[in-house]
Every structure is written in C-alpha cells, then in structure tokens.
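The values are calculated or read from the model by the stated rules, or taken from the named source; none is laboratory data. Small disclaimer: the values here were computed from a predicted structure and weren't measured. Cβ coordinates were reconstructed from backbone atoms using ideal geometry, including for glycine residues, and neighbour counts include every protein chain displayed.
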C-alpha cells in the first residue's frame with residue numbers, strides 16, 4: 001500500500017489518522033491470526049519531509065497488527081521515480097508520413113542518469129508500426145519498420161493512395177509505446 005502524504009509541508013503524526021480505518025479490516029485481522037509473527041501489510045509513506053519516528057508511530061497505531069512501514073522522503077533523494085508518457089511529433093508531407101521527433105520520457109530519464117548521450121531520436125526506437133486503414137479498434141499494421149542491430153528506423157514512410165484513417169505505433173527500447181492518429 002502506498003500513501004502519498006500532503007506535499008509542500010512536513011508530514012506529521014496527525015496525517016496518519018486516516019490510515020486507522022485500514023487497520024480495522026477483517027481480512028487483515030484474519031491474516032494476523034493465521035501468521036502472528038509476519039507483517040500483514042506493507043506500507044510506503046511518500047512525503048516531502050517528515051517528523052522523526054513517523055513510521056514507528058504508524059506501527060504503534062496498527063497494534064496488535066504487525067505491519068512494515070517504509071518512509072520515502074523525496075527531499076532526501078530516494079530512488080522514487082514517476083512515470084511519464086512518451087511524446088512524438090508526426091506530420092504528413094507530400095504523400096509521406098514523417099516522424100519528426102520522438103521523446104520516450106522514461107528511457108530518456110534512465111539514459112540521463114547513466115549520462116548517455118543520444119544523437120538521433122531514431123536510436124531510441126525498437127519498432128514503428130503503421131496501420132494505413134485503422135478501424136478505430138484494432139491496430140493491423142500494413143507497414144512495420146524493425147531495424148536490425150546495426151541500423152535505425154527510417155522515420156519517413158510512403159502513404160498508399162488507398163489509405164484510410166492512419167494510426168502509428170512507436171515502441172522504444174524499453175518496450176514502452178505511444179500510438180498516434182493522423183489524417184493525410
């Protein structure tokens with residue numbers, strides 16, 4: 001269980017009061033009766049600063065239930081990461097579908113921590129799939145660009161004359177993807 005404490009101020013013991021309701025759950029009491037020495041609930045408290053012994057206070061509130069509490073203080077540089085969606089810019093120009101840019105935010109964040117430099121967005125792409133007759137429900141790609149280990153995706157694709165609604169799916173090296181619709 002994750003509890004995000006109030007932000008922009010120090011979390012205090014009074015902020016824990018609403019968690020008392022959780023400790024009255026009959027399922028937790030049953031689990032505690034079956035294994036009295038094991039933790040029945042793991043809780044992560046995410047905060048921006050906190051009073052000392054905040055985790056210990058929560059464990060006391062849960063008594064007689066045994067719980068495990070981790071306090072993650074984002075001001076102290078914990079490894080807490082928020083996921084961000086990828087972004088891409090796709091254009092149609094002279095009968096071609098052109099991917100102008102692609103920003104796989106989670107991959108870029110990881111690469112920045114490793115201090116890895118990327119020269120071309122196409123180096124971050126695992127595959128591009130395009131459905132030139134997208135039905136609005138199922139992506140049925142008629143064009144798939146999956147480069148081998150020594151090459152990168154093209155990024156520019158000829159649109160067939162008989163095209164309909166176009167949907168493109170770009171997947172990065174972490175297997176996260178973005179899907180976009182475009183009109184030609």
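The lone criterion from (1) free of Cβ contacts under 8 Å to residues at least 40 places away in the same chain; (2) surrounded by fewer than 16 Cβ atoms within 10 Å (Cβ to Cβ); (3) touching a strand residue (DSSP E or B) at 6+ places or on another chain (Cβ under 7 Å) left unmet by residue 42 is number (1).
Of all the listed residues (172, 73), the sole one being surrounded by 18 or more Cβ atoms within 10 Å (Cβ to Cβ) and within 30 Å of residue 9 (Cβ to Cβ) is 73.
Restricting the search to strands (runs of 3 or more DSSP E) fully inside the range 2-108 and requiring at least 2 residues that are closer than 30 Å to residue 121 by Cβ, in the same structural domain as residue 171 (by TED's automatic domain parsing) and at pLDDT 85 or above gives 87-93, 96-103.
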